[in-house]
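Let me begin by presenting the structure, written as structure tokens, before commenting on it.
Only the coordinates and a few stated rules stand behind these numbers; no lab work does. None of the values given here were measured: they were computed from a predicted structure. In this analysis, Cβ positions are derived from the backbone assuming ideal geometry, glycine residues included, and neighbour counts consider all displayed protein chains.
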Amino acid sequence: MSYYNHITDDLDALLAVLPDDIRAALQRIGRRDELLEVILDLGRVPTARYTDGEVVLRDTEVTREEIQYVVDRVGEFDADNRAGIARTLHRIAAIRNRRGDIVGLTCRVGRAVYGTIAIIQDIIESGKSILLLGRPGVGKTTMLREAARVLAEKKRVVIVDTSNEIGGDGDIPHPAVGRARRMQVEMPSLQHEVMIEAVENHNPEVIIIDEIGRELEAQAARTIAERGVQLIATAHGNTLDNLLLNPTLSDLVGGVESVTLSDEEARRRGTQKTILERRAPPTFDVLIEIQDRQRLLIHHSVAESVDALLRGRPLQAELRYRDASGEIHTEKAVPLSLEERESGRADVLPPAPVPAVTEAREPVRVFAYGIARNRLERAARRMHVPVYLVNDLGQAGVLITTKGFYRKRPRLVVDAERQGLPIYVLRANTVAQMEAALSDIFDLETVPPDPLRRALQEAEEAIRQVLGGIPEVELSPQNAYIRRRQHELARAANLASESLGKEPRRRVRIYREE
């Protein structure tokens, strides 16, 4: 069921640039509305990715001539290896070899979806600066495009379009952005300059930006916000706490600094003497975590949310979602505090026996309520278990949620209990906790959870210390599996790490790379 006014995709324009037999295979399959990408890699069979998985389009491999066929029929590839088709929203991304030759193409279908911001239109029209977070493909750019169109009916809107994903390829913007003006960017590294140029030269009331990912862009965003211009942007990251751990982008939400308290103040607060606090006012007033296309977690005051996270207090957020009939619901959500996110193993509360899993590990359909779906997918891939994430509770075999959501007793959780659906309640919205839950669901024998949990908590504490200014931190000796997990946490926080010593004293050192 579609909840939107209408959708346009200009799909025939994309099909026209593909080799004849690949285009014919797509036409035989049909399912035009569900097509997401066509993948052409040299020496591999061509595939199409739909909303429910991938489909092989033929048995023979892609040739250089076929890749060149597509390249000759699309626009020029820019500095970030992206090209488009004029007057459409489709994006063709290239993979090159070391000599610069194109050896792979990702042909993504671009759709103008009208009505996507109805669920947050009151916030969009409030005049506040808004930051959108979410995993790739969840619909962030689609929302930006629709926000530009709606706001441009009443305000002066300028889009800074680095990869032409918002306004489409070519010099004339796609009709989906309405009356909004579009400034193209010569190369991604110049995005921050075009952001400032937009404010200084074109007198906008609103600036729309996709993918803030560099420190200079974060600084430009702060400059724009200080001039009283409404900013609506996306950034790399899925949740607010992800952003806080990113030293490049944490300034968007006020930044983090290490503060040393007096003995008296530390006793009064009941904390350690050295704590983390927000460094400055956030660039953005509101932060929206897009959990999926129909479910958003909204932090109406970024400053209050960041302060609550850093001080270990539960923070108030608002959950908005569409039900199966398309009706929009609003609930008060209480995400876990930073301490709760890091503590304890998953509590398993199965109101009915867990579905039996055979030795072949039959797939389990999971409804993820209030947890980071990308982390759950990552946990499933690491453990090599077949998990299918579903958006309809009626299709689910298991519901996984967090303690913060479960204790609020939302209608969806109550419905799941009435249906006798097994419910797994996580104390922390982390990969480690999700792996513990999946271990129980699939009845796996894994690394004992307590040593692993303690080791990951030690790594997370070291990351906070290094981000707070400590040059380096050495962790306790661990086995190779746990060390690899600690290295992954360091990389996710944009920090460097290395292993030191010899077994059984080999350990990880985390530090900031100069």
Post the alpha-carbon centroid distance, segment 61-98 to segment 235-263, in whole angstrom.
37
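Would segment 1-116 count as rounded, prolate or oblate if I go by the C-alpha gyration tensor, calling it rounded below 1.5 in a/c and otherwise prolate when a/b exceeds b/c, oblate otherwise? Mind showing how you got there, number by number?
Working: a/c = 2.06, a/b = 1.37, b/c = 1.50.
Oblate.
Would you kindly give the portion of the calculated P(r) for segment 115-335 that falls above 26 Å, as a percent of all Cα pairs?
Numbers: 8916 of 24310 pairs.
Value for segment 115-335: 37 percent of Cα pairs lie more than 26 Å apart.
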Per-selection metrics, the chain (Cα): Rg and Dmax in Å
23.9, 76
What per residue convex hull volume, in Å³, do the alpha-carbon atoms of segment 449-511 yield?
65
Mean Kyte-Doolittle hydropathy of -1.0 or higher plus an axial Cα length of 20 Å or more: which whole DSSP H helices in the chain meet both?
449-467
Going down the list Lys128/Lys155; Lys140/Lys332; Lys154/Lys332; Lys128/Lys154, which pairs span over 25 Å between their C-alpha atoms?
Lys154/Lys332
Kirkwood Rh for segment 140-268 from C-alpha pairs, in Å, is 15.7
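By the scheme Lys and Arg +1, Asp and Glu -1, what is the net charge of all other residues having a beta-carbon under 12 Å from that of Asn97? Write down the numbers at each step before the final one.
Numbers: positive: Arg64, Arg96, Arg98, Arg99; negative: Asp41, Asp101.
Here the count lands on +2.
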Pull up all non-local amide H partners of Tyr388: gap of 5 or more, or a different chain, and H-to-H distance under 5 Å with H placed in the peptide plane.
Val364, Arg365, Val366
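Could you work out [θ]222 nm for the chain from helices alone, using -39500 (n - 2.57) per DSSP H run of at least four and dividing by all its residues? Round to the nearest 500 deg cm²/dmol.
On the way: 17 runs with 155 residues, N = 514.
Only helices count here, giving -8500 deg cm²/dmol.
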